[in-house]
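Colleague: Next up is a structure, given as structure tokens.
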Amino acid sequence: MEDSKRPTLSIVIPFFNQKELVAEMFDSILANDFQDWELLAVDDGSDPEAIVFLKHYEEDSRIRILHRDTQPKGAPTCRNIGMERARGEYIIFFDSDDYITPSCLRTRIEAIEKRHDLDFMVFPSGTFAGHTLHTGGTNDYGYPVYKDDLSALLRRTLPFVVVNNIYRADALRSHSITWETQLHSFQDSDFNIQALLRGLKYDYAPTAPDYGYRIAGNTNSISKKIVSERHRQSHLFFLNKQWEEVQRRYGNRYQFSLYLCALYIAFFTMSNGLEKAYSSQLAAVVKSHSRTLGFIYNAQMRFGIFLSRFVPAKSAVRLVFAVFLIRRKWHERIIPQRIRKIHEKA
């Protein structure tokens, strides 16, 4: 029988196979010095071997392995199942193949319980390799380094990702914030953009990094599949959805940030050469929200396709996206510098 006492914290983790990595994440949660939690691990259709391997964790009554019983397949559906079943006052969404420090949960609970004015709090993270948490790279998130976080999220220069955050469960539910199941990538950004668009109040915690993103060993990483046709269509849906929702709330205020998002999608899905059909689809989405930006975007794509007749396709892409790439390189250089300054002041 389930313990009727409501836990302070619900941890929701979707998983699919990779049983050793999942177990390592479970172990890092069990090693925490805060114990008033429940873990809802939602299986996305793993092999029976993986379930058998992880089953012994349910000997701890706080851990429940749930199984996705609705469509579509994917982490967003699993996270929504976890949200529906979560009993905690607070919710954290973790990935199944990462790592948390022994003080992570306590630090987050103590911080947000002091801030009754907030709906969620953001905590810094680093990367995880060789059983060590590292900082100072381009995959460090959760630091107040941007003037406008919504603009940064829209243009795909992420100030924080979902694993950085602890949410008040009631805030998510009262604002109807759920995971978008039609997305095969950018799901994390969509969730955070929803939170900001619906007015959730948040702040950054001035604490040490408590979460490690695994930089090696994850064979199911979305970033490895981003160029597939399935993901390309998902990108179109994401771009159109964000543009509609942002425009509804802010008018034309974030048009350029959304335009940069369209450039990001084009470059990272067609870095080996621009394709006429997909370029036209992206341009059509941009044009449906801004005729001027749509015209510029379409001209940029067409110029790249024309240029590829005379130079190698990869070179044509880099020439067309030169200004965009300079901005990205600047970001990769300047953001770690800003984060180091924050560490120096701590």
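Colleague: Given the residues Thr107, Thr135, which is the only one that is at pLDDT 95 or above and over 21 Å from Ile193 (Cβ atoms)?
Modeller: Details: Thr135 fails: at pLDDT 95 or above.
Unique residue meeting the criteria: Thr107.
Colleague: Among the residues of the stretch 119-142, which ones are in contact with a helix residue (DSSP H, G or I) (Cβ under 8 Å, 6 or more places away or on another chain), farther than 19 Å from Lys329 by Cα and not in a strand (DSSP E or B)?
Modeller: Let us first name the residues in the stretch 119-142 that are in contact with a helix residue (DSSP H, G or I) (Cβ under 8 Å, 6 or more places away or on another chain), namely 119-125, 135-138, 140-142.
Those left that are additionally farther than 19 Å from Lys329 by Cα: 119-125, 142.
Residues satisfying the conditions are Asp119, Phe123, Pro124, Gly142.
Colleague: Which one is surrounded by the fewest Cβ atoms within 10 Å (Cβ to Cβ) among residues in the stretch 264-285 that are without any contact (Cβ under 8 Å) to a residue 40 or more places away in the chain and either among the hydrophobic types (A, V, I, L, M, F, W, C) or in a helix (DSSP H, G or I) (or both)?
Modeller: Start the filter on the stretch 264-285 by keeping residues that are without any contact (Cβ under 8 Å) to a residue 40 or more places away in the chain, which leaves 265, 275-277, 279-280, 283-284.
Within this subset, residues satisfying the condition of being either among the hydrophobic types (A, V, I, L, M, F, W, C) or in a helix (DSSP H, G or I) (or both) are 265, 276-277, 279-280, 283-284.
On the way: Ile265: 23, Lys276: 10, Ala277: 7, Ser279: 19, Ser280: 13, Ala283: 22, Ala284: 14.
Restricting to residues being without any contact (Cβ under 8 Å) to a residue 40 or more places away in the chain and either among the hydrophobic types (A, V, I, L, M, F, W, C) or in a helix (DSSP H, G or I) (or both), the top hit is Ala277.
Colleague: Six or more apart or on different chains, Cβ atoms under 9 Å: show the pairs whose first residue is in the stretch 1-25 and closer than 19 Å to Pro102 by Cα and whose second is of a type in the set (S, T, N, Q) and at pLDDT 95 or above.
Modeller: Ile13/Ser96; Leu21/Ser96; Val22/Ser46; Val22/Ser96; Met25/Ser96
Colleague: Please tell me if Val317 is in the same structural domain as Met270 (by TED's automatic domain parsing), buried (at least 17 other Cβ atoms within 10 Å of the Cβ) and either touching a strand residue (DSSP E or B) at 6+ places or on another chain (Cβ under 8 Å) or β-branched (Val, Ile, Thr) (or both). Give the derivation first.
Modeller: Values: in the same structural domain as Met270 (by TED's automatic domain parsing): yes; buried (at least 17 other Cβ atoms within 10 Å of the Cβ): yes; either touching a strand residue (DSSP E or B) at 6+ places or on another chain (Cβ under 8 Å) or β-branched (Val, Ile, Thr) (or both): yes.
Considered against the rule, which asks whether it is in the same structural domain as Met270 (by TED's automatic domain parsing), buried (at least 17 other Cβ atoms within 10 Å of the Cβ) and either touching a strand residue (DSSP E or B) at 6+ places or on another chain (Cβ under 8 Å) or β-branched (Val, Ile, Thr) (or both), Val317 comes out as yes.
Colleague: For the list (1) without any contact (Cβ under 8 Å) to a residue 60 or more places away in the chain; (2) assigned to a helix (DSSP H, G or I); (3) within 22 Å of Pro206 (Cα to Cα); (4) of a type outside the set (A, V, I, L, M), I need the number of the one condition that His116 fails.
Modeller: (2)
Colleague: What tally of residues in the stretch 88-118 results from selecting those that are of a type outside the set (Gly, Ala, Ser) and touching a helix residue (DSSP H, G or I) at 6+ places or on another chain (Cβ under 9 Å)?
Modeller: First pass over the stretch 88-118, keeping only residues of a type outside the set (Gly, Ala, Ser): 89-95, 97-102, 104-110, 112-118.
From what's left, touching a helix residue (DSSP H, G or I) at 6+ places or on another chain (Cβ under 9 Å): 89-95, 97-102, 104-105, 118.
Adding up the residues that qualify gives 16.
Colleague: Under 7 Å between Cβ atoms, at least 6 apart or on separate chains: pull out the pairs that start in the stretch 335-346 with a residue that is among the charged types (D, E, K, R) and end on any residue that is surrounded by 12 or more Cβ atoms within 10 Å (Cβ to Cβ) and modelled with pLDDT of 90 or more.
Modeller: Once the first residue is among the charged types (D, E, K, R) and sits in the stretch 335-346, its partners that are surrounded by 12 or more Cβ atoms within 10 Å (Cβ to Cβ) and modelled with pLDDT of 90 or more give Arg338/Val145.
Colleague: Is it true that some residue in the stretch 104-127 is surrounded by 16 or more Cβ atoms within 10 Å (Cβ to Cβ) and at positive phi?
Modeller: So far as the stretch 104-127 goes, no, none of its residues is surrounded by 16 or more Cβ atoms within 10 Å (Cβ to Cβ) and at positive phi.
Colleague: Can I ask one more? Any chance the stretch 159-173 includes a residue that's in the same structural domain as Asp69 (by TED's automatic domain parsing), in contact (Cβ under 8 Å) with a residue 60 or more places away in the chain and assigned to a loop (DSSP other than H, G, I, E, B)?
Modeller: Looking through the stretch 159-173, none of the residues is in the same structural domain as Asp69 (by TED's automatic domain parsing), in contact (Cβ under 8 Å) with a residue 60 or more places away in the chain and assigned to a loop (DSSP other than H, G, I, E, B).
Colleague: Next up: Please find, among Phe237, Phe256, Phe306, the residue that is in a helix (DSSP H, G or I) and more than 26 Å from Asp148 (Cα to Cα).
Modeller: Values: Phe237 fails: more than 26 Å from Asp148 (Cα to Cα); Phe256 fails: more than 26 Å from Asp148 (Cα to Cα).
On inspection, the qualifying residue turns out to be Phe306.
Colleague: I would also like to ask the following. Name every residue in the stretch 69-94 that is crowded, with 21+ Cβ neighbours inside 10 Å, touching a strand residue (DSSP E or B) at 6+ places or on another chain (Cβ under 7 Å) and either of a type outside the set (Gly, Ala, Ser) or without any contact (Cβ under 8 Å) to a residue 60 or more places away in the chain (or both), in order of residue number.
Modeller: Correct list: Cys78, Arg79, Ile81, Met83, Tyr90, Ile91, Ile92, Phe93, Phe94.
The values are calculated or read from the model by the stated rules, or taken from the named source; none is laboratory data. Values in this document were obtained by computation on a predicted structure and should not be read as measured data. Using ideal geometry, Cβ is built from the backbone for each residue, glycine included, and neighbour counts are taken over all protein chains shown.
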